[in-house]
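Written below as structure tokens is the structure these notes are about.
The values are calculated or read from the model by the stated rules, or taken from the named source; none is laboratory data. The structure displayed is predicted, hence computed values, not measured ones. When we count neighbours, we look across all protein chains shown, and the Cβ atoms used for this are built from the backbone with ideal geometry, even at glycine.
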Amino acid sequence: MYKLRGHHLFCLLGYRGMGYSPEYVKNMTRLHQTLRNNPKTLILLVKGPDQLCEKYPNSGEYHCQDVQIYERDAVILDKMNLKIGQILKWEDIESHIRKHVIPSDIQVVCETCSWRSLGACEEGIREIHEEKGLREVK
């Protein structure tokens, strides 16, 4: 079972193999491909830093504890009709995305995210709506 915070549910949709450090990328790719290849993997929704935050590089500001990030987590979980403490299969999270999220939500919910301008997250949401699942990352 993996522990994930709210906004990382969206980050996983747009993940294309880039990140904050080689260690972060390795960790994110491993999780992303696990969920892609086994959508029955269990996810525990947590408040605050999760298993992806563990590999965030300690050079610079540690944004995982930033108030804005906690707010983004809460908004995303609320939008998806999910709650902290829930345990779901990844495929159930994808189902919640199909029911409650549209690609343009990224522009509002993730307005301050530095990765937003790449457009990959909107593309990831469209692919979930098309039932393609997560994209392969090599």
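Among the conditions (1) surrounded by 15 or more Cβ atoms within 10 Å (Cβ to Cβ); (2) in a helix (DSSP H, G or I); (3) acidic (Asp, Glu); (4) in contact (Cβ under 8 Å) with a residue 24 or more places away in the chain, the only one that Asp50 does not satisfy is (2). Filtered by the rule that a residue be farther than 19 Å from Asp73 by Cβ, not in a helix (DSSP H, G or I) and not hydrophobic (A, V, I, L, M, F, W, C), the range 1-47 gives Arg16, Gly17, Ser21, Asn38, Pro39, Lys40, Thr41. Highlighted here are the helices (runs of 4 or more DSSP H) found entirely within the range 77-138 that include at least 2 residues which are within 23 Å of Lys26 (Cα to Cα): 90-100, 120-129.
When Arg36, Arg16 are checked against the criterion of being closer than 22 Å to Gly119 by Cα, among the charged types (D, E, K, R) and modelled with pLDDT of 95 or more, Arg36 stands alone in meeting it. Only one of the numbered conditions (1) farther than 25 Å from Lys138 by Cα; (2) touching a Gly at 6+ places or on another chain (Cβ under 9 Å) is violated by Val67, and that is (2). Condition check: at pLDDT below 90 and either in contact with a strand residue (DSSP E or B) (Cβ under 8 Å, 6 or more places away or on another chain) or crowded, with 18+ Cβ neighbours inside 10 Å (or both). Does Cys64 satisfy that? Spelling it out, it is not the case that Cys64 is at pLDDT below 90 and either in contact with a strand residue (DSSP E or B) (Cβ under 8 Å, 6 or more places away or on another chain) or crowded, with 18+ Cβ neighbours inside 10 Å (or both). Residues of the range 16-40 that are under 19 Å from Lys89 (Cα atoms) and β-branched (Val, Ile, Thr): Thr29, Thr34. Within the range 99-138, the set of residues being basic (Lys, Arg) and under 16 Å from His7 (Cα atoms) comprises just one member, Arg116. The set of residues in the range 77-102 being in contact (Cβ under 8 Å) with a residue 24 or more places away in the chain, under 15 Å from Gly124 (Cα atoms) and within 14 Å of the chain's Cα centre (by Cα) consists of Trp90, Glu91, Ile93, Glu94, Ile97, Val101. Annotation note: of Glu94, Glu23, the sole residue that is crowded, with 18+ Cβ neighbours inside 10 Å, touching a Pro at 6+ places or on another chain (Cβ under 8 Å) and closer than 22 Å to Val137 by Cβ is Glu94. Look at (1) farther than 14 Å from Leu12 by Cα; (2) touching a Gly at 6+ places or on another chain (Cβ under 7 Å) and you find that Ile76 fails only one, number (1). Contact map, the range 7-32: residues that are free of Cβ contacts under 8 Å to residues at least 40 places away in the same chain paired with residues that are outside any loop (DSSP other than H, G, I, E, B) and crowded, with 22+ Cβ neighbours inside 10 Å, Cβ distance under 6 Å, separation 6+ or inter-chain. Pairs shown: Gly19/Met28. Of all positions in the range 25-41, at least one carries a residue that is under 22 Å from Arg126 (Cα atoms) and charged (D, E, K, R).
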